[in-house]
Amino acid sequence: MGKLYGYARVSTREQNEDRQMIALQEIQIPEKNIYVDRQSGKDFNRPMYQQLIKKLQKEDLLYIKSIDRLGRNYEEILEQWRLLTKEKQIDIVVLDMPLLDTRRGRDLMGTFLSDIVLQVLSFVAENERHSIRERQREGIKAAKLRGVQFGRPQKQVPENFDQIYREWMSKKISGAEAAKMCNLTTATFYRRARKKRGYI
């Protein structure tokens, strides 16, 4: 019997991995054997995952909470599963999906069912990632049509901008002086000036 390991992943540093950690600790995996990455699951170039791969030995047992914690790229999940189970010769248990437990059904039918479930779930995980991106694009487009502004709000120009602009145009003051009087950066003043010039 090999050692017990756990792997958890959250997409950003702001997200919390507590739910995954509790599930892994309930199986009594030693804390030093739980590896946590705080980054996207788009690929497997993650520091803690790579450390885990180096640590795993034949007959070790790896637990993950759900298949999307392993990754979100369909082909890469399948490739990693093959690497872990065939090359490293470890077992994997996906806690949210009892059918994905390589200790069960080591016969041909068990392996066949496990492979089908894995492929379906990997496809769903990647499809969800594409759907989220598409919903974000659609949401941004709809918001823009409603007039919602994205990015930093434009800095307001002072009421006497027209007068300062005319003084700058007549070369009574420099661009840097005009920008300072307007409480703008020089680049912003020139941009506003160019915009105004289109109307004057």
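Since every read-out is calculated from the coordinates, none of them should be taken as a lab result. Small disclaimer: the values here were computed from a predicted structure and weren't measured. Virtual Cβ from ideal backbone geometry, glycine too; neighbours counted across all protein chains shown.
Would you kindly state the longest site-free stretch of the chain, with sites defined as chymotrypsin sites (Phe, Trp or Tyr not before Pro) in a DSSP loop (not H, G, I, E, B) surrounded by at most 10 other Cβ atoms within 10 Å?
Values: sites that count: Phe150, Tyr199.
Counting only loop sites that pass the neighbour cut-off, the longest clear stretch is 1-149.
What FRET efficiency do you get for Arg135 and Asp18 if R0 is 35 Å and r is their Cβ-Cβ distance, rounded to the nearest 0.05?
Details: r = 26 Å, r/R0 = 0.75.
Efficiency at R0 = 35 Å is approximately 0.85.
Could you please report the charge total around Phe44, scoring K, R as +1 and D, E as -1 over all other residues with beta-carbon less than 12 angstrom from its beta-carbon? All intermediate terms of the calculation are to be shown ahead of the outcome.
Values: positive: Arg9, Lys42, Arg46, Arg72; negative: Asp37, Asp43, Glu75, Glu76, Glu79.
Overall, the nearby charge balance is -1.
List the GluC sites (Glu not before Pro) within the stretch 1-94 that fall in a DSSP loop (any state other than H, G, I, E or B) and whose Cβ has at most 15 other Cβ atoms within 10 Å. Mind showing how you got there, number by number?
On the way: sites: Glu14, Glu17, Glu26, Glu31, Glu59, Glu75, Glu76, Glu79, Glu87; in loops: Glu14, Glu17, Glu59.
Listed in order of number, the matching sites are Glu14, Glu59.
Return the FRET efficiency for the residue pair Ala187, Ala142: r is the Cβ-Cβ distance, R0 is 25 Å, and the value is rounded to the nearest 0.05. Mind showing how you got there, number by number?
Working: r = 32 Å, r/R0 = 1.27.
It comes out at approximately 0.20.
Run the reach check for Lys195 against aspartates and glutamates, Cα to Cα strictly under 13 Å, same-chain hits fewer than 8 apart removed. What comes back?
Here the aspartates and glutamates satisfying the reach criterion relative to Lys195 are Asp162.
For Rg and Dmax of the Cα atoms in Å, the choices are [x] 16.5, 47; [y] 18.4, 61; [z] 28.0, 89; which was calculated from the structure?
Of the labelled values, this structure produces [z].
At 20 °C and a viscosity of 1.002 mPa s, what translational diffusion coefficient does Stokes-Einstein give for the stretch 1-70, taking Rh as the Kirkwood radius over Cα pairs? Give it in µm²/s as a whole number.
On the way: Rh = 12.3 Å.
Using the Kirkwood radius from Cα pairs, D works out to 174 µm²/s.
May I ask you to list the trypsin sites (Lys or Arg not before Pro) in the stretch 1-76 that are in a DSSP loop and have at most 12 other Cβ atoms within 10 Å of their Cβ? Could you put the intermediate results ahead of the total?
Details: sites: Lys3, Arg9, Arg13, Arg19, Lys32, Arg38, Lys42, Lys54, Lys55, Lys58, Lys65, Arg69, Arg72; in loops: Lys3, Arg13, Lys42, Lys58, Lys65, Arg72.
Counting only loop positions with at most 12 other Cβ atoms within 10 Å, the trypsin sites (Lys or Arg not before Pro) in the stretch 1-76 are Arg13, Lys58.
Give the cross-link partners of Lys55 among the aspartates and glutamates, using a straight C-alpha distance below 17 Å as the criterion and excluding same-chain residues fewer than 8 apart.
Partners within reach: Glu31, Asp37, Glu87, Asp91.
So who's got an amide H within less than 5 Å of the one on Tyr35, skipping anything under 5 residues away but keeping other chains? H placed 1.01 Å off N, in plane.
Sorted by chain and number, the residues that satisfy this are Gly6, Tyr7, Ala8.
For the pairs Lys42/Lys65; Lys144/Lys180; Lys32/Lys58; Lys3/Lys65; Lys65/Lys141, note any where the Cα-Cα span goes beyond 29 Å. Kindly include the intermediate steps, with their values, before the conclusion.
On the way: Lys42/Lys65 17 Å; Lys144/Lys180 32 Å; Lys32/Lys58 19 Å; Lys3/Lys65 18 Å; Lys65/Lys141 35 Å.
The answer is Lys144/Lys180; Lys65/Lys141.
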